[in-house]
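> Before anything else, here's the structure in question.
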Amino acid sequence: MASTVRVMRREDLEAAQRLNGGEFPKCFLAMVYERDGEILGWASCRADNGLPVLQAAVGKKMTGFSVMRLGEAMEDYLRRIGIYMYVFAVHVKRKRWIGVLERLGIFERYANKAMHAWFQRRLR
């Protein structure tokens, strides 16, 4: 079982849209998690009001370790292009995920807006 995280290519768009359940978001960077040729998840980064905003979608076959690898790859790429912080949102109904993020201690919760808990992460 070979898996990799890589920059998204044009031919990955259809698989990414299936995971998202709709159109793929406009972004300046997108990465995919791929196992044995199948796209299992993606993460993208866009600019909004001067902030880098991360968005992601993962399929049922992704493990916590796989999600962590995708996040680490995205953060490494952001550092390489000179971005040292980002924000992301979690829907307030996802209380379990919000709790996990708060317990990790590496994300700072800084806002609640429009049914989402917003977090920021500063990269070293």
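> So which residues in region 85-102 are farther than 23 Å from residue 33 by Cβ and of a type outside the set (Gly, Ala, Ser)?
92, 93, 95, 102
> Still on this model: Mind telling me which of the residues 58, 87, 53, 100 ends up being closer than 18 Å to residue 4 by Cβ, surrounded by 10 or more Cβ atoms within 10 Å (Cβ to Cβ), out of contact with any His (no Cβ under 9 Å at 6 or more places or on another chain) and of a type in the set (Val, Ile, Thr)?
On the way: 87 fails: closer than 18 Å to residue 4 by Cβ; 53 fails: closer than 18 Å to residue 4 by Cβ; 100 fails: closer than 18 Å to residue 4 by Cβ.
Among 58, 87, 53, 100, only 58 is closer than 18 Å to residue 4 by Cβ, surrounded by 10 or more Cβ atoms within 10 Å (Cβ to Cβ), out of contact with any His (no Cβ under 9 Å at 6 or more places or on another chain) and of a type in the set (Val, Ile, Thr).
> Ok, one more. For residue 22, are the conditions met, namely being in the same structural domain as residue 6 (by TED's automatic domain parsing) and either more than 26 Å from residue 2 (Cβ to Cβ) or free of Cβ contacts under 8 Å to residues at least 12 places away in the same chain (or both)?
yes
> Here's another thing I want to ask about it. Among the candidates 68, 62, single out the residue that is in contact with a helix residue (DSSP H, G or I) (Cβ under 9 Å, 6 or more places away or on another chain), modelled with pLDDT under 95, among the hydrophobic types (A, V, I, L, M, F, W, C) and not in a strand (DSSP E or B). Walk me through how you get there before you give the answer.
Working: 68 fails: in contact with a helix residue (DSSP H, G or I) (Cβ under 9 Å, 6 or more places away or on another chain).
Selected residue: 62, the only one of 68, 62 that is in contact with a helix residue (DSSP H, G or I) (Cβ under 9 Å, 6 or more places away or on another chain), modelled with pLDDT under 95, among the hydrophobic types (A, V, I, L, M, F, W, C) and not in a strand (DSSP E or B).
> Separate question: Cβ contacts < 8 Å: first residue under 15 Å from residue 55 (Cβ atoms), restricted to region 101-121; second residue of a type in the set (Asp, Glu), any location; separation 6+ or different chain. Result?
Sorted first by the residue in region 101-121, then by its partner, the pairs are 119/108; 120/108; 121/75; 121/108.
> Among the residues of region 2-37, what is the count of those that are aliphatic (A, V, I, L, M), in a loop (DSSP other than H, G, I, E, B) and surrounded by 12 or more Cβ atoms within 10 Å (Cβ to Cβ)?
Final tally of qualifying residues: 1.
The values are calculated or read from the model by the stated rules, or taken from the named source; none is laboratory data. Nothing here was measured: the structure is a model prediction, and the numbers come from that model. Virtual Cβ from ideal backbone geometry, glycine too; neighbours counted across all protein chains shown.
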